[in-house]
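This report refers to the structure that appears directly beneath it.
The values are calculated or read from the model by the stated rules, or taken from the named source; none is laboratory data. Quick caveat: nothing in here was measured; it's all calculated off a predicted structure. In this analysis, Cβ positions are derived from the backbone assuming ideal geometry, glycine residues included, and neighbour counts consider all displayed protein chains. Surface areas here come from the heavy atoms of the whole protein model, side chains and all, with no ligands, DNA or RNA. Shrake-Rupley method; radii C 1.70, N 1.55, O 1.52, S 1.80 Å.
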Amino acid sequence: MSDERNAGLPKGYEPEQVEARRRAAWEAANIFTPNLQEDAGNGAFSIVIPPPNVTGNLHMGHALNLTLQDIICRRQRQLGKQVLWVPGEDHAGIATQNVVERRLKEEGLTRRDLGREAFIERVWKWKGEYGDNIRRQIKAMGASVDWSRERFTLDEGLSRAVRRVFVQLYNEGLIYKGLYIVNWCCRCHTALADDEVDYTARKTGLWLIRYPLEDGSGFLTVATTRPETMLGDTALAVHPDDERYKALIGKKARLPLVNRLLPIIADPYVDREFGTGALKVTPAHDHNDWRLGQKHNLEFISVIDEDGKIGSQGGVYAGLSLEAARSRIEADLAELGLLEEKRPYENNVGRCYRCSSVIEPLMSVQWFVAVKSLAAKAREAMPDQTRIFPSSWLKTYYNWLDNIRDWCISRQIWWGHRIPAWTCADCGELVVREESPEACPKCGGSALTRDPDVLDTWFSSALWPFSTLGWPDETPELARFYPTSVLVTGFDILFFWVARMMMMGLHFMDEVPFRHCYIHALVRDAQGKKMSKSTGNVIDPLVMIDKYGTDSLRFTLAAFAAMGRDIRLSEERIEGYRHFMNKIWNAARFALMHLDTVPAPLPEKVTGLHHRWILYRLEELKKLQSQALDEYRFNDAAGALYKFIWNEFCDWYLELIKNDMWADEKPANAPGEAVSGSPAQSKALAQSVLYTVLRESLILLHPFIPFISSEIWDAMPGREQENDLALSLFPPRRAVSDLAEDAGNMETVQGVISAVRTIRAELNISPALRLSVLIRPVDPKTQALLEERGRDIISLARLERLDLDPEAQAPAASASAVVQGNEIIVSLKGAVDFAAENARLDKEMAKLEKEYTGLVAKLSNPSYLEKGRPEIVERDKTRRLELDDARVKLQALKEKFAAAGAQ
RNA sequence: GGGUGGUUAGCUCAGUUGGUGGAGCAUCGGCCUUACAAGCCGGGGGCCACAGGUUCAAGUCCUGUACCACCCACCA
């Protein structure tokens, strides 16, 4: 009772101190590093972290991602599995290079000023500074990763894996070099993969341009959103069935400004409804036109260069920016009378996903992975070898793999895995090797030049599940932990990453990279908008951790992680769950006040309704939580914990055991002892149950809120005999069959207490006033029950007197309620508010009446009685009897009360 | 154009074999009741988007409509 006895726990929960202490303890104990010399126990369980960008800062998406993985990992440890969670970072080629280049720009330098070597050195230096930043943030979240196995996509081991994969795919003919139209970012000066291009709507315009027919018989007018690319036109196209243009097919037209003759071709790709139904074809600067060019054997003329300017083949327009060229061309066409019209038009423009610059489709020599065969295997492996949660993503996954095009993997940047390919200056031989070749294998020449390009970042990420475990070496990690158990990630990288890991895993390991793939939500702001720095709606997890503590943030994220739905996060929610942390904290303080030492173990058969009830509820929680977590229903598990801890353990159980703990201060007029035996015995029993429930609750809470649960765990008596909470096993289940009935009885007692409280509140009776209550029990069994729990009713309903007598008459001035057939009569003595009680009874009666009539109607439906599920019909019949009984009793009480009021 | 998800209390969201709806916050009333005012007790508030259908019975299953969000494709 005294403050000294729980001096270890301050009155309010103070997360920052607790968390620092816990982190240090976990790190010192090294408990998240599995020992591969040992047996795997109940099995091996592994997760590889989705590697955050080295340059990045932790955002809410990471916080969610880490929280869910940590819940999974900590729970698997509780199940006795040997768990490996591999942390690491991604070098994030373009993104990182951009950041460093921006830095350089502030110094007035470009990467070319430094040169390749010096620039890369510069990026490594940057990585050294900021890699530690992300590491600290992962630690801040409480992630139970194995830091001894941390990996970085550019470290030596992973680079070796990348080279091995590249060379093997090349030798298998699955990597090739070719001329292709690519998405070119003129700012980053690199090609981008199809899915690295974001499309945004932009008001451009639609130009209708006349192309004079060769025979002088008129014009063919085409519609385009990009007049400047006309310099590279090599054909015009119409739909083969278009009556308007049928006669023109096969003829030629003259390209204005350039005077090249263009064939007029027919292709069903052309949409007759759009524009004029005629299309200009620019194979070198448009993806669709590229396909047309291939199909119809057209000329490919590049007119835009890598800087996004009109190139040397652009004639008089050469050197102009695209915007300038567009205006000039527009003006020139107008002057020639060839610009028929310019309409306002909104168009989707491709932009670089990293720097948002407009993407130009350009022809360029690039490296590609032929993905068709890889994709087929990846498709086949789901859902049998890898299950995806929620399964609705399966369709999206299939759809993407079915329409996949070859993957452009070369990037014209410097930060990344340099392509292991050399060209012989003497004979032109292309040499692809894992290590630098000494000499050309064909001609023996030593003038070998390495390909300047680096690989797409996702190329190395695709190998992550096995490269981090030591591949291509045959390591014990690989043997024990591959395939990994589950991948936890956001759907935004389903294609970038998940599908490609599937491809590479299956190809190189002959086995899927993960058994389960849990796709979690995107964290949005309270309005449902994607959080982004530019919008300024970012909720910074580190700020939240600072204000409310990591556990509050983690619990909030878990509670909102309903499968298949985005999370709308607001600070208020986090604040709300901070209150929950404080509640847990104070409940523990209370419990520890009464637990100086480890109490006796639970007896074989626990007596006492409240004890049996809470034990029953605890078992129900275990069951519910396990089921929920097995199915990745984090929100259900979190919700069940919240409800149990707050509404059952705190609101009822802790209140009820106060009577046991202070049994010697027996309230007046208790009609019976709660538990057989002396006050000392009932206190001892209460201590045993309390200790057990608290101890096991902490284990159940731990995966969600590791900091506070560990802190309380360490304050428990007998801590020396226990493991660290992070290593404690999930408590075994107890038989509940004989507890269920008492759990129901407890609800009767709770109902009685609530009924008195409601009367008190609605009649505005001060809580300080102890009431006198008469109960007319519905039957002898219930009378015995209420008599046994009389002490509880008296204390929780704040009574001075409780009488139980089926025959007793209600005092004239009294308020009343009916709970499961038991008539609760509260004596009002002097100050009776007749109007208030009348209104209350009317309301209550109306409620009963409504439910009763509904039920009667339902039960008088013959088809329901005939076809309804028997147990439901039976339940309804019982309920009807109950309701009928309640209305009769309440009616009688009301009449009596009215009579008293009339006097 | 194709696809997915959503529409439930003032707000944000749960709702798992179909059996007349829940939580948190907000709100109203009463309480510093000896773990917690970051708390306790109690109340009010919902034709579950709309229209049909299946069923004894629909928030829940089916069809359609409207609106919102996102993903893929990129009709120049």
*For residue A:89, list long-range residues whose amide hydrogen, built 1.01 Å from N in the peptide plane, is under 5 Å from its own amide hydrogen.*
A:151, A:152, A:153
*If you take the charge dipole of region A:203-260 about its Cα centre, with +1 on Lys and Arg Cβ and -1 on Asp and Glu Cβ, which of A:257, A:238, A:217 is farthest toward its positive end?*
A:257
*Work out the FRET efficiency for residue A:103 and residue A:734 from their Cβ-Cβ distance, taking R0 = 56 Å, and round it to the nearest 0.05.*
0.40
*Compute the relative contact order of chain A as a whole-number percentage, counting only Cα pairs closer than 8 Å that sit 6 or more residues apart in sequence.*
12 percent
*asked:* Give me the tail of P(r) for region A:4-133 as a percent: Cα-Cα pairs with distance above 23 Å.
replied: 56 percent
*At residue A:714 and residue A:172, where each label point lies 7 Å from the Cα along Cα→Cβ, what is the point-to-point distance in nanometres?*
5.0 nm
*How high is the FRET efficiency from residue A:334 to residue A:197, r the C-beta distance, R0 30 Å, rounded to 0.05?*
0.40
*With every protein chain present, what is the per residue accessible area of chain A (1.4 Å probe, Å²)?*
43 Å²
_Members of A:11/A:658; A:847/A:877; A:105/A:127; A:623/A:781; A:395/A:623; A:177/A:295 lying beyond 26 Å, as alpha-carbon distances in this model show_ = A:623/A:781; A:395/A:623
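Which of rounded, prolate, oblate describes chain A, given a ≥ b ≥ c as roots of the alpha-carbon gyration tensor eigenvalues and a/c under 1.5 marking rounded, otherwise prolate only if a/b is larger than b/c?
Because a/c hits 1.5 or more and a/b exceeds b/c, chain A counts as prolate.
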*asked:* Below 8 Å between Cα atoms, with a sequence gap of 6+, how large is the relative contact order for region A:746-802 in percent?
replied: 48 percent
*Difference of contour (0.36 nm per residue) and Cα-Cα distance, residue A:392 to residue A:873*: 169.5 nm
*Let me have the 222 nm mean residue ellipticity of chain A computed from DSSP H runs of 4+ only, each contributing -39500 (n - 2.57), with the sum over all residues rounded to the nearest 500.*
-13500 deg cm²/dmol
*Hey, what angle do you get for helix A:706-715 against the long axis of chain A, alpha-carbon based, 0 to 90 degrees rounded to 10?*
40 degrees
*Gyration tensor verdict on region A:53-121 (Cα atoms; rounded if a/c is under 1.5, prolate if a/b is larger than b/c, oblate otherwise)*: prolate
*Using alpha-carbon pairs under 8 Å, 6+ residues apart, how would you state the relative contact order of region A:256-341 in percent?*
17 percent
*Looking only at region A:857-873, which residues have a backbone nitrogen under 17 Å from a spot 7 Å from the Cα of residue A:747 in the C-beta direction?*
A:871-873
_Cα-centre dipole for chain A with unit charges at Cβ (Lys and Arg positive, Asp and Glu negative), debye to 20_ = 920 debye
*At a 1.4 Å probe radius, carbon and sulfur cover how many percent of the accessible area of region A:153-259?*
49 percent
_On C-alpha positions alone, give me the angle between the axis of helix A:15-29 and the longest principal axis of chain A, in degrees, nearest 10._
70 degrees
*Label-point separation, residue A:768 to residue A:358 (7 Å along Cα→Cβ), nm*: 7.7 nm
*Using alpha carbons only, what's the Rg to Rh ratio of region A:256-382 with Rh from Kirkwood?*
1.02
*asked:* With just the Cα atoms defining each centre, how far is region A:858-903 from region A:571-588? Give it in Å.
replied: 41 Å
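Which percent of the accessible heavy-atom area of region A:1-145 goes to carbon and sulfur, probe 1.4 angstrom? The partial results should precede the final answer.
Values: 2960 of 6170 Å².
That share works out to 48 percent.
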*Accessible surface of residue A:62 - all protein chains present, 1.4 Å probe, nearest 10 Å²*: 40 Å²
*asked:* Could you tell me how far the Cα centroid of region A:262-287 sits from the Cα centroid of region A:178-230, in Å?
replied: 11 Å
*Using amide H atoms built 1.01 Å from N in the peptide plane, name the residues 5+ places from residue A:822, or on other chains, whose amide H lies under 5 Å from its own.*
A:778
*In degrees, nearest 10, range 0 to 90: what is the angle between the Cα axis of helix A:322-336 and the longest Cα principal axis of chain A?*
60 degrees
*Rounded to the nearest 0.05, what FRET efficiency is calculated for residue A:861 and residue A:260 with R0 set to 56 Å and r the Cβ-Cβ distance?*
0.10
*Hey, rough spin-label estimate for residue A:604 and residue A:839, points 7 angstrom out along Cα→Cβ, what's it come to in nanometres?*
5.8 nm
